[in-house]
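To keep things clear, I will list the structure first and then write my remarks on it.
Please treat every number below as a calculation from the coordinates, not as lab data. What you are looking at is a predicted structure, and each value in this text was computed from that prediction instead of being measured. All Cβ positions, even for glycine, are placed from backbone atoms using ideal geometry, and neighbour counts span all protein chains on display.
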2 protein chains.
Amino acid sequence: MLEQVDLTQKLDREEYKSLISDMRLKLGELQRQAKNQKIPVIVVFEGWDAAGKGTLINQLMQALDPRGYNVFPTNPPVEEEQLRPFLWRFWCRTPEQTRIAILDRSWYGRVLVERVDKVVPKKQWSTAYEEIKAFERQLADAGNVIVKFFLHITKKEQKKRFEKIESDPALRWKVTKTDWRHHRQYEKYLAAVEDMLAKTDTSYGPWTIVEAHDRRFATVKIFRTMIQSIEEAISRLQTTNKSRKEKGNAIVKKPETSTSVLDKVDLSLTLTKEQYTEKIKKRQQRIREVEHEIYRKRVPVIILYEGWDAAGKGGNIRRLTEEMDPRGFEVVPVAAPNDVELAHHYLWRFWKAIPKAGHITIFDRSWYGRVMVERVEGFCSQDEWKRAYQEINEMESQFANYGVVLVKFWLQIDQATQLARFEERQEVTYKQWKITDEDWRNREKWDRYKEAVDEMLFRTSTSYAPWTIIESNCKYYARVKTIETVIKAVESRL
Amino acid sequence: MLEQVDLTQKLDREEYKSLISDMRLKLGELQRQAKNQKIPVIVVFEGWDAAGKGTLINQLMQALDPRGYNVFPTNPPVEEEQLRPFLWRFWCRTPEQTRIAILDRSWYGRVLVERVDKVVPKKQWSTAYEEIKAFERQLADAGNVIVKFFLHITKKEQKKRFEKIESDPALRWKVTKTDWRHHRQYEKYLAAVEDMLAKTDTSYGPWTIVEAHDRRFATVKIFRTMIQSIEEAISRLQTTNKSRKEKGNAIVKKPETSTSVLDKVDLSLTLTKEQYTEKIKKRQQRIREVEHEIYRKRVPVIILYEGWDAAGKGGNIRRLTEEMDPRGFEVVPVAAPNDVELAHHYLWRFWKAIPKAGHITIFDRSWYGRVMVERVEGFCSQDEWKRAYQEINEMESQFANYGVVLVKFWLQIDQATQLARFEERQEVTYKQWKITDEDWRNREKWDRYKEAVDEMLFRTSTSYAPWTIIESNCKYYARVKTIETVIKAVESRL
C-alpha cells in the first residue's frame, strides 16, 4: 500500500498560498456548520516520527475556532490507564456533539508501537483490531465524523530529518535513543503499518495517507480531506433526517423472542427470616474476603442491577456492600443523563465509570436503559435501540477480554407484589420519598416494558456476560441469591 | 489536645441498637433534605492506621442513599497529580450541590504522612496550612458543609490491632512494613497531628475527634456529628435566604478605586505592517523555543486573556500559538457554565483545567468572569463577587507557590474602535458569525463593565500574578506586546 505512494509531490509557495487561504475560510465555516448541526468530529494523526505531525496539527488548528476543539497528545498509558481496557482513555476523550477532537497519535498505538516493541502479547494486539473497529463504528453510527491521517515519509527522509534536528544544539534532546532504534526497525514498523491500514480502512473510518515530504503539499491534502469529510457528513445528515421522517410511521415488527423468559421465573422461592439472617451473615463475611482477593489479584469487577421499580435494588445493594471495604467498591447510580452526558455517545458515561483492576463498580441501573426506558418512552430512535444490542455486547466483550468479571442481575417481581410495595411506600412516612407519579405511570406500561426486557435478556445473554434473573418477590431470597452469585462468579476467576 | 481524650468510653450492644436505628433514618432524611436544598457535604476521615476507618465509613454509607454520595480513597499522588498543585486532585473531587463526598484520608496527608516521612520539604507543608484553610473556607462560603473526623486510638491499641490482623493468614498482607514503621514513629506522628488539629480547627471546617477504641461508640459519635452538622447547615441556609431577601435593595457602595486605570492607557501605540511582520516572525520562533524549555524544565504556565468584545482575543491567541508545538499547549475557551459546572463551586472548572508542569494552558476568558459579567449581569450575588477577589488571589497564590508562571492580559480598546469592528463584522460575510445581539447589548453597559474592570485590575494585581494591559486599538501592536510579555515572563523563570 505505502510503496505505491508518490512522495515526490510538491507545491510551490505561490500555489500553496492561493489554495490555503480559501481552504482556511472554508474549514472555519464548516466547523461552525458542524457545531450548529451537532456533528462531532474526530481527527486522528498517525505517522512516522519526524513526519511533521506537530507542525501539521498546528496548521489545522490555526484554521479552527479554538473554542471548538481539543488536541489530545497520546503518551504511553499511565497507571490509571493501564488498569482499564485500552480503549477506556480514548472513550473518555470522545468529543461532545459540538466539538472536534484532534488526536496526536491514538488507539492505533496498540497495533503499532505496542505491537512492534512487544509491550503487549500477540493475543492482545490482534484482538485490538476488532475492538478498534467496533469503537469507530459505534461512534460513526452516532454521527461522529472520523478522519484518520497517516503521515508517510521514507526511511531515508526520516534519517535526514533526525540528523537535521540533532545538528541544532537547542533541539538535540528531541531525538532520543528510542527514536533511532525505531528508525533502525523501519521495515518492521512498515509491515505493522501496512497490516493496520489494511485491517482498519473502513467506510466509517477511512484512512488518508498523507505524502509528508513536502509540508505544503501535506497541509493542502489534510485541509482538503477535512473539508470533504465534513461536507459529506453534513449532506448525509440531511438525507438521514429526511428518510427518518418518511420512515416515521413504519410498522414495528414483534421481536423474534416468542416466549417470555420472565413468565418462567419461579417467584414462589422464599427464605424465612431465620434462614436469611444466618445465610446473609456468612455470605457478607465471605464477600469481604473475596473483595480483598480481588484487590490483591487485580481483578476488575462490574456488577449491574436492573429490575422493575420496587423490585428491591437499593436494599439488595445495601446488603451486598454492608460489610465490604468502601475503598474497594463504588456504587454508581444511573439516572437520566445530564446535558454534558447527552452531548456525548450514550456509552460514554459508562465507559468513564468502569472500575480499575482490583476494584468493583456496582451500577444501580446501567447502559441497558437504552433498550428499556429509552426504547419504551421513545427517548431514542428505533434504529438506535436496535443497534444498541450489538453495541452493548461489543462493549461487554471488550471488558471480558480485559479480564473484567461482569455480573448482570435482573430483579424480577410480579405485578401484584409491585402494587403492594407501592402502596406501602405511600403509607409509611419515611418511605414516601421513594414513590413518585412516574412510578405509577411506568407501571401502566408493564407489558411494553416486559416485551423490552424479554428481548434484552435474549439478545444480551452471552457466554462472557450472562444475565442472572433474581426471583425477588421474597427480598430475603433475592439478597442471598445475588450475593451468592457474585461470590461464585468471582471465585471462578480467582 | 489528644491526650485529654477519654478513650474508655463504650456502648453496649443494646444501647447501641436503640440509638443507631433512629439515627440512620434521621440521617437518610437529612441527606434528602440537603439534596433538595442543594447543600453539598464533604466528610473527611483521618486517623491512625487500624483505627477502623474502613468499617466506620461503611457504617455511614449504609445509612445513605447510594445514589447521593461518592467515596474517594486517597492514595499517594500519581504522576498526573504530582505535576499539579497538591490541592488540584481534591478540587476535582469536590461534590456537586446535591451530593456527599466521603474522603478516606484527604488533603491532610500533606501535613501528616508527607511531612513526617519528609516526602516534601518544610516550606511546602508549612504553606499547605494556609492553602488548606483557604480551600475549606471557599467551599464553606459557597454552601458546602465540611465535617472532619480524626479517629483516635493509642499506640498500644494500634499494636494490638496490627497483631490481631497479622494472626489471620488471610489478612496478614494488610499490615505492611510501612505500617509498622509508622507505628514505631507514633510519637512523631502525634506531634504532627496535634499541630494539624490546632492549626486547622476552624469555624467553617471544625475537627471532631472520635474515640475509636469502641466501634459502637465511634459509630454513634460519627452519626451524631453528621446529623448536627447537616441540621445546622439547613437552618443556616434558611436564615441566609431570609437576610438576603432583606438586603436585596441595599445601596451598592462605589468601589474604593477612584481613578480609572483604563483611562490612562495609551491607545495610540501602533506598529506598521512591515514592523509587525518582521517582529512577529522572530517572536514566534522564540516562543517555540521557550515552549521546549518549559517542557524540559517542567514549568507550568497559565496565560489568560480578558478584554472587551472585539478587542482581538481570538486573533491574538492565534498569533501567539501559530508556531507552537500543539503537544505543549491547550486553549481553553470559557463560556457560560454548563449544568454540571453550575452545580459545583465556580472555581471547580478552572482548577480542573490547569496545566500540568511542563505545559501551557491559555484561557480565553477565565475565572475573572465572576467579577465582570457575573457581577454586572447579576448572575451572582453581591456577597459572592465581593468575596471572589480574595478567592481568586488565593487560588493564584497557590498556583504561584507551586511554580506556575501566570500571565494575565487585559486587552484594552476604546469605544470607537469597538464600534468600527462590530460594524465590520456585520458587513463582511465570513465574519458575521462573530457578532451577536448580545455583543450590542453588552456594549450599552460599557460604563458598568468599566467600573468592574477597574476594580478587578486594582484588587487582583499581585506580585505573583500581575495584570498586563495590552493596548489593542492596533492589533499588530497588541499581538507583538502579548507575545513579548509571555516570553519575558517565562524567561525570568527559566
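Would you work out if segment B:2-237 is rounded, prolate or oblate? Take a ≥ b ≥ c from the square roots of the eigenvalues of the alpha-carbon gyration tensor; rounded if a/c is under 1.5, else prolate when a/b is larger than b/c, oblate otherwise. Intermediate values should be presented prior to the final figure.
Numbers: a/c = 1.66, a/b = 1.09, b/c = 1.52.
Oblate, since a/c reaches 1.5 and b/c is not below a/b.
With a Förster radius of 25 Å applied to the C-beta separation of A:VAL428 and A:THR277, the computed FRET efficiency comes to 0.65.
The distance separating the Cα centre of segment A:118-153 from that of segment B:159-202 comes to 48 Å. For the protein assembly as shown, a simple Cβ point-charge model (Lys and Arg +1, Asp and Glu -1, everything else neutral) yields a dipole of about 1580 debye relative to the Cα centre.
Select from segment B:76-132 those trypsin sites (Lys or Arg not before Pro) which occupy a DSSP coil region and have at most 13 other Cβ atoms within 10 Å, ordered by residue number. Don't skip to the end; give the middle numbers.
Details: sites: B:ARG89, B:ARG93, B:ARG99, B:ARG105, B:ARG110, B:ARG115, B:LYS118, B:LYS122, B:LYS123; in loops: B:ARG93, B:ARG99, B:ARG105, B:LYS118.
In loop regions of segment B:76-132 (DSSP not H, G, I, E or B), the sparsely surrounded trypsin sites (Lys or Arg not before Pro) are B:LYS118.
By the beta-carbon count within 10 Å of each Cβ, the least crowded to most crowded order of B:ARG184, B:ARG84, fewest first, is B:ARG184, B:ARG84. Taking every residue in A:326-334 and counting other chain Cβ atoms within 10 Å of its Cβ, the average works out to 6. The sum of -39500 (n - 2.57) across all DSSP H runs of n ≥ 4, divided by the residue count of the protein assembly as shown, sets its helix-only mean residue ellipticity at 222 nm to -16500 deg cm²/dmol.
Please give the charge dipole size of segment B:440-494, origin at the Cα centre, charges +1 on K and R Cβ atoms and -1 on D and E Cβ atoms. Round to the nearest 20 debye. It would help to have the intermediate numbers written out before the result.
Details: 11 positive and 8 negative charges, 43 e Å.
Using Cβ point charges on Lys, Arg, Asp and Glu, segment B:440-494 gives about 200 debye.
Here the residues A:GLU15, A:GLU81, B:GLU46, ranked from fewest to most Cβ neighbours within 10 Å of their Cβ, fall in the order A:GLU15, A:GLU81, B:GLU46.
Note on chain A: with charges restricted to the Cβ of Lys and Arg (+1) and Asp and Glu (-1), its dipole about the Cα centre is near 920 debye.
Once divided by 2.2 N^0.38 Å, the Cα radius of gyration of segment A:262-491 becomes 1.01.
A DSSP coil position with no more than 16 other Cβ atoms inside 10 Å describes the following trypsin sites (Lys or Arg not before Pro) in segment B:1-76: B:LYS10, B:LYS38.
Inside 10 Å of the C-beta atoms of B:310-323, what's the mean count of C-beta atoms belonging to other chains? Working shown, then result.
Numbers: counts 0, 0, 0, 1, 3, 0, 0, 1, 6, 1, 0, 4, 4, 3.
Across B:310-323, the average partner-chain Cβ count within 10 Å equals 2.
Report note on the peptides B:311-320, A:198-207: ranked by the mean count of other C-beta atoms within 10 Å, highest first, their order is B:311-320, A:198-207. Over the protein assembly as shown, all Cα pairs binned in 20 Å intervals from 0 give whole-percent P(r) values of 11, 39, 38, 12, 0, listed from short to long.
When the C-alpha to C-alpha distance is required to be over 29 Å, the pairs from B:LYS122/B:LYS352; A:LYS434/B:LYS10; A:LYS408/A:LYS434; B:LYS297/B:LYS434; A:LYS164/B:LYS313 that qualify are A:LYS434/B:LYS10; B:LYS297/B:LYS434; A:LYS164/B:LYS313.
Averaging the Cα positions of each part gives two centres, and for segment A:418-465 and segment B:387-421 these lie 52 Å apart.
Over all pairs of distinct alpha carbons, what does the Kirkwood formula give as the hydrodynamic radius of segment B:307-372, in Å?
Numbers: mean 1/r = 0.0751 Å⁻¹.
Its Kirkwood hydrodynamic radius stands at 13.3 Å.
For B:GLN33, the distances from its label point to the matching points in the remaining copies are 5.7 nm, ordered from shortest, with each point set 7 Å beyond Cα toward Cβ.
In plain terms, the C-alpha convex hull of chain A casts an average shadow of 27.5 nm² when viewed from every direction.
Tell me, how many Å apart are the Cα centres for segment B:318-375 and for segment A:321-378? Here the two parts' Cα centres lie 28 Å apart. For segment A:104-206, the set of GluC sites (Glu not before Pro) satisfying both a DSSP loop assignment and a count of at most 14 other C-beta atoms within 10 Å is empty.
Mean partner shielding of peptide B:67-73, defined as the number of other chain Cβ atoms within 10 Å of each residue Cβ, is 4.
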